[in-house]
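Following: one structure in structure tokens, then a few remarks.
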Amino acid sequence: MTTKTSLKGKNAIVTGAAVGLGNAYAAALAGEGVNIAVIDIREDVAKVPSQLARHGVKVLAFHGDVANPADVRRVVDTTQSVFGSIDILINNAGIWGASGAEDDLDKSLADYEKIVGTNMKGEYLFGRAVIPIMIAQGKGGEIVNVATDHHVTCGTPHNVCPNLATCPWNKPNPGFQGPPRPTGGGEMMDLYDAGKWGLNGFLFAWAKALRPHNIRVNGFCMGATDSYMLRSFHNFNPSKEEEASWMRAEDNAQALIDLLKEGPQGRTAENMNFCVGRPVKLEPPRSLKYILPESVATTGA
């Protein structure tokens, strides 16, 4: 029987935690006794400490932009000073915006700074700020980068897909004879997809470099999950049918807890696929396909 790692007393940073997935992650971690620091560009991030007070943990809330190095330094330095250590980083902050190949240069530049700045640069900056601290602490750590199901097709690679009957892509439809389902979000998501796909570079390189330090790096590849961002796509008035198809943020937060409880001997360098049609739970580790297993072998520490 595998022994689960206790999370009680650990310290975590969760980005983009005012609402939606990030808020669910913060609540789930607090429920496990984890002290939490949260940052969000939304001013209502200030409400998070009172939301989590019942768990009896320390909570810090910062209003700031994950793409701003000064804000990143402020969050990380203050968290380390107040909590004494940083054990977990949940790189969740993300935004969506329509962008496509036909946009003019002015719009493209603004969109790049906003979309890629949040979805990739923000995760990069927080990782770079936290990793040296985790290494110096000498007790391991956890980094989870939140990506998108647009870059995982039926399990990545598709031949490991369970082809569940619940999957909307597991049956032919006009114009598509699947599976596997296609990758990418569409012609108006080039920057969104580029930023999220770029997280693979961090995933594999960081996992290899940090395994000797017992720091795991994994990715949550999120599909349609009930959140502020998803509801905004539907002008906050989705149809009952649409809403019923969405995954619950609380279920995904439990999957996060289960991943973290694997501890330093658990999986690393893995993208976990949470797309509509798959159960919202932590699935068993998969064989590595894009990185040599010995590159991320456990150190035995």
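Since every read-out is calculated from the coordinates, none of them should be taken as a lab result. Because the structure is a prediction, the values reported are computed rather than measured. Cβ: placed from backbone, ideal geometry, glycine included. Neighbour counts: every protein chain shown.
Orientation-averaged projection of segment 1-55 equals 4.1 nm² [convex hull of Cα atoms, one quarter of hull surface area]. Taken as Cα centroids, segment 1-44 and segment 65-80 sit 17 Å apart, rounded to the nearest whole angstrom.
Note on Thr166 and Lys281: the model spin-label points, each 7 Å out from Cα along the C-beta direction, lie 0.9 nm apart.
Only one residue of Ala67, Asn200, Ala37 has its Cα farthest out toward the positive end of the dipole of the chain, where Lys and Arg carry +1 and Asp and Glu -1 on Cβ, and that residue is Ala37. Separation of the alpha carbons by more than 30 angstrom is noted, of Lys240/Lys281; Lys10/Lys114; Lys114/Lys261; Lys107/Lys196, for Lys10/Lys114; Lys114/Lys261. Taking GluC sites (Glu not before Pro) in DSSP loop conformation with at most 14 other Cβ atoms inside 10 Å as exposed sites, the chain has its longest uninterrupted site-free stretch at 188-301. Contact order, relative form, for segment 83-130: 54 percent (alpha carbon pairs under 8 Å, 6 or more residues apart, mean separation divided by residue count).
What FRET efficiency, computed as 1/(1 + (r/R0)^6) with R0 = 41 Å and r the Cβ-Cβ distance, is obtained for Ala224 and Asp44, rounded to the nearest 0.05?
Working: r = 23 Å, r/R0 = 0.57.
It comes to 0.95.
If you build a Gaussian network model of the chain, linking Cα atoms that sit under 10 Å apart, which residue out of Ile13, Ile115, Ile133 swings the most? The residue that fluctuates most here is Ile133. Applying D = kT/(6 pi eta Rh) to segment 11-296, where Rh is the Kirkwood radius over alpha-carbon pairs, T corresponds to 25 °C and eta to 0.890 mPa s, the Stokes-Einstein value obtained is 127 µm²/s. If you run the Gaussian network model on the chain, springs between alpha carbon atoms under 10 Å, then out of Phe126, Phe236, Phe220 the most flexible one is Phe236.
Where the only charges are on Cβ atoms (+1 Lys, Arg; -1 Asp, Glu), what is the dipole of segment 11-296 about its Cα centre, to the nearest 20 debye?
Rounded to the nearest 20 debye, it is 920 debye.
Panel order for Arg286, Arg278, by other beta carbons found within 10 Å of each beta carbon, from fewest to most: Arg286, Arg278. Based on DSSP H segments of at least four residues, each scored -39500 (n - 2.57), the chain has a per-residue ellipticity at 222 nm of -9500 deg cm²/dmol.
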